[in-house]
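Okay, structure first, notes after.
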Amino acid sequence: MNLIAAVDENWAIGNQNELLVRIPADQKFFRETTTGKVVVMGRKTLESFPNGLPLKNRTNIVLTHDPDYRVKDAVVVHSMEELHEELAKYASEDIYVIGGETVYRQLLDECDVAHITKISFAYDADAYFPNLDEMPEWRIAADSEEQTYFDLEYFFYRYERVEP
C-alpha cells in the first residue's frame, strides 16, 4: 500500500480540516498518481473535498465510526477489520492512503511506499503526518529538484520501507 501527502517542514498536513496550501503541481501529481486507483480516507477528509464528493475515476473507501454514514459513489467501512476485508479485493500497489492524520497513523505500518510533497514553510496546523525522517524503517528512495510556486519552495519525495 501507498501513502500520499503534502507536508510542511514540521510534517503538518492540515488546519481546521483544510489543506495547508494548494499547489497546482502537487495537486496534478496527486491526481495523476491516484486516478484509476483505490483511495482510502477518513470521513473528514472526504468532507473537505469540493461539495464533499468522492474523487472521480477512483475507488473511494471511507473509514468512519458513524454506522449511519453513507455517501454516493464511495464504499463506507466502519472498522479496521471491515477496511481490510474491502482492501483485500485490490492489489496492494493500487491502494493509496490519502488522509487524514488518524487514518495515516492507523495504516502507516501496512504501507511500503510514501509519496510526500515537502513544503519549505511552517504553517499553523492541527493535523500532522508521521515524521518518516525520524523512523529508521523508512528511507528516501527518490527526490525531485527544488520546485517553486510563487514564493514557496517544495520537493517531491518517494519514501520506501526498508526491509528489516
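FYI, it's all coordinate maths here, none of it is from the lab. Worth saying up front: this structure is predicted, and the values here are computed from it rather than measured. Backbone-built Cβ (ideal geometry, glycine too); neighbour counts: all protein chains shown.
Below is a table of values for the structure above.
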item	result
Positive-end residue, the chain charge dipole about Cα centroid, Cβ charges, pick of Gln27, Gly52, Gly14	Gly52
Total formal charge among the other residues, if their Cβ is under 11 angstrom from that of Tyr128, Lys/Arg +1 and Asp/Glu -1	-2
Rounded to 10°, Cα long-axis angle of helix 24-34 versus longest principal axis of the chain	40 degrees
Förster radius 25 Å - calculated FRET efficiency between Glu163 and His78 (Cβ-Cβ, nearest 0.05)	0.15
GNM flexibility winner over the chain from Val21, Val76, Val38 (Cα, springs under 10 Å)	Val21
Estimated FRET transfer efficiency (Asp151, Glu110; beta-carbon r; R0 35 Å; 0.05)	0.40
Partners for Lys118 among aspartates and glutamates (Cα-Cα distance below 13 Å; same-chain residues under 8 apart left out)	Asp8, Glu9, Asp26, Asp133, Asp143, Glu145, Glu146, Glu153
Near-label residues of the stretch 1-23 by backbone N, under 15 Å of a point 7 Å along Cα→Cβ of Val71	17-19
Approximate spin-label separation Ala88-Thr33, in nm, with each point projected 7 Å along Cα-to-Cβ	2.8 nm
Restricting the stretch 1-50 to GluC sites (Glu not before Pro) in coil, as DSSP defines it, with at most 14 other Cβ within 10 Å	Glu9
The stretch 36-73: trypsin sites (Lys or Arg not before Pro) falling in loop per DSSP and having at most 14 other Cβ within 10 Å	Lys56, Arg70, Lys72
